[in-house]
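The values are calculated or read from the model by the stated rules, or taken from the named source; none is laboratory data. Because the structure is predicted, anything quoted here is derived from the model rather than measured. For neighbour counting, all protein chains shown are included, and Cβ atoms are generated from backbone atoms with ideal geometry for every residue, glycine included.
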Amino acid sequence: MKHAELSPSTAVAAEILPFSHPQGCKGYLVADSASLEALAVDPHLDLAGAMARVVEQRGFKLRYVVETHTHADHPSGALALAASFKAVRAVHVAAGHHDVGLVLKGGEVLRLGGLAVAVRHAPGHTPDHIVLHGAGALFSGDTLLIGAVARADFLGGDAGTLHDTLRGLLHDLPGTTLLYPGHDYAGRVSSTLAAEQSGNPWLQIADRDEFKRQLAAHPPPRPANMDELLRFNRQGELPPPLLSGGELAALVGQNGAANILDVRTGAEWETEHIQGSRWIPLDELEKRADEARIVPAPRLLLCRTGNRAQMARASLEKLGLGALRVIEGGLESYKASGGLVVRGRQTISLERQVRIVAGGLVLAGALLGLVHAFFLAIPIFVGAGLVFAGITDFCGMGLLLARMPWNRATGAQASCSTGGGCAAATPGSAPEISGGCAASPPDR
């Protein structure tokens, strides 16, 4: 994480520490350098733990956790982060969130020691949107992104209002103001208002009606599972830990396949998989954690029957990932409910391989036991292992078999999109990330 280079006119020294999520989401810690009082902006649930560790390591006194708006494309970590430090969670009055310590209307000033952070109502993307201005920087949420703006076609958004908000910000704030957006998909940390004024294609559209027409011209798909995310972000209501195969089939039919994380072996994936899901085998989850984070929440964990998905959930929770749901009955339940799959070369499932190997070892041990009693230890060992697997739902033999060459993919590819973002793409090109909060690009 890099510290921001503050504007020369900034009277109070401050630190700005950005946090980036593989999905393109951005969160920030802003601290007064003298008092170490700090606030957090838009923490993603997956990043709440990382933010908390930095707060503790740097000795920050976290006073506020501010959400610029109600997020529809990812789970918020604001409630968890605020609770960890007894900080005040702050949102705009129009958000209607539960467990809020400070309701904002715009015009307030949040003080961190000698640092003043101004709150400004900035509707357009959503009616409850605010931006924060302080330390020579603008924390713009999704109102203004680097080279883009957000969509305004759901959650009460309004393109004309967004146009007015953008014009007001550009008129009132100096061009040297650093811009820290709520999303960026190209690995960028910041820009300036002057750079956006000259290079952002949306800011070249001065006419309000033309801006509205362009923003509404090619609306991206509605984010899958948006209702669940809104319930969590507004009310702190976690989705149920299990999802039935029938419910999964319905979600896939509603553009929800991008939320699926398939943890079966590569050979099983190549045999059959759900189009649009992401494949990361169970034994590779830890080293490919960022790929798992790309899967939009709530993440739907899938294996053949559900056992390995439960193990994947435990592993991912240890890595700090949240909003995880297990498909009860796995792919078999999904297919039985009418769900469609893409079929390829046929192979033996991992569960059948375990039965074959376990049965073979028991049979071999029993036969060899006729030669010498020592070999009877083999079926005893296998039997004890199966009992242990039944009690704990942990099968060491299955994990070992999953690593065998015949269970590796020969050409399996993760065919997942992230299912949504907030940034508009470059004019004339297709959006890098469709759906979510992203506006389609303006026409040339």
Filtering helices (runs of 4 or more DSSP H) wholly in the range 182-301 for at least 3 residues that are charged (D, E, K, R) and closer than 20 Å to Thr143 by Cβ gives 208-217
Does Tyr64 satisfy the criteria of being in contact (Cβ under 8 Å) with a residue 60 or more places away in the chain and assigned to a strand (DSSP E or B)?
no
Determine which member of the set Ala323, Ala314, Ala384 is over 25 Å from the mean Cα position of the chain (by Cα) and modelled with pLDDT of 75 or more.
Ala384
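Does Leu166 fit the bill of being modelled with pLDDT of 95 or more and either in the same structural domain as Ile130 (by TED's automatic domain parsing) or under 23 Å from His44 (Cβ atoms) (or both)?
Yes: the conditions hold for Leu166.
Quick grid of which residues meet (1) surrounded by 14 or more Cβ atoms within 10 Å (Cβ to Cβ); (2) on the phi < 0 side of the Ramachandran plot; (3) in a loop (DSSP other than H, G, I, E, B); (4) at pLDDT 80 or above:
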{"position": "Leu331", "(1), (2), (3), (4)": "yes, yes, no, yes"}
{"position": "Arg345", "(1), (2), (3), (4)": "no, yes, yes, no"}
{"position": "Ala358", "(1), (2), (3), (4)": "yes, yes, no, no"}
{"position": "Glu432", "(1), (2), (3), (4)": "yes, yes, yes, no"}
Taking Ala40 as meeting all but one of (1) assigned to a helix (DSSP H, G or I); (2) small (Gly, Ala, Ser); (3) in contact with a helix residue (DSSP H, G or I) (Cβ under 7 Å, 6 or more places away or on another chain), write down the number of the exception.
(1)
What are the residues in the range 75-93 that are basic (Lys, Arg) and surrounded by 16 or more Cβ atoms within 10 Å (Cβ to Cβ), if any?
Arg89
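Quick check on my filter: what residues within the range 30-54 are within 26 Å of Leu324 (Cα to Cα) and surrounded by 20 or more Cβ atoms within 10 Å (Cβ to Cβ)? So that I can check it myself, show each step before the final result.
Keep residues of the range 30-54 that are within 26 Å of Leu324 (Cα to Cα), which gives 40-54.
Within the range 30-54, Ala40, Val41, Asp42, Pro43, His44, Leu45, Asp46, Leu47, Ala48, Met51 meet the criteria.
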Within the range 140-166, track down each residue that is closer than 19 Å to Val119 by Cβ and either over 20 Å from the mean Cα position of the chain (by Cα) or part of a loop (DSSP other than H, G, I, E, B) (or both).
Asp142, Thr143, Leu144, Thr161, Leu162, Asp164, Thr165, Leu166
Has the range 67-75 got at least one residue that is more than 13 Å from Gly182 (Cα to Cα) and hydrophobic (A, V, I, L, M, F, W, C)?
no
Would you be able to say whether some residue in the range 144-164 is closer than 29 Å to Pro296 by Cα, among the hydroxyl-bearing types (Ser, Thr, Tyr) and surrounded by 23 or more Cβ atoms within 10 Å (Cβ to Cβ)?
no
Failed item, numbered, when Gly96 is tested on (1) under 19 Å from Arg231 (Cα atoms); (2) buried (at least 18 other Cβ atoms within 10 Å of the Cβ); (3) more than 22 Å from the chain's Cα centre (by Cα):
(2)
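Within the range 170-208, take every residue that is among the charged types (D, E, K, R) and touching a residue at least 24 places away in the same chain (Cβ under 8 Å) and give me the one that is surrounded by the most Cβ atoms within 10 Å (Cβ to Cβ). I'd like the intermediate steps shown before the answer.
Here is the first cut: in the range 170-208, the residues among the charged types (D, E, K, R) are 172, 184, 188, 196, 207-208.
With touching a residue at least 24 places away in the same chain (Cβ under 8 Å) added as a condition, the list becomes 184, 188, 196, 208.
Numbers: Asp184: 23, Arg188: 14, Glu196: 25, Arg208: 15.
Top of the filtered list is Glu196.
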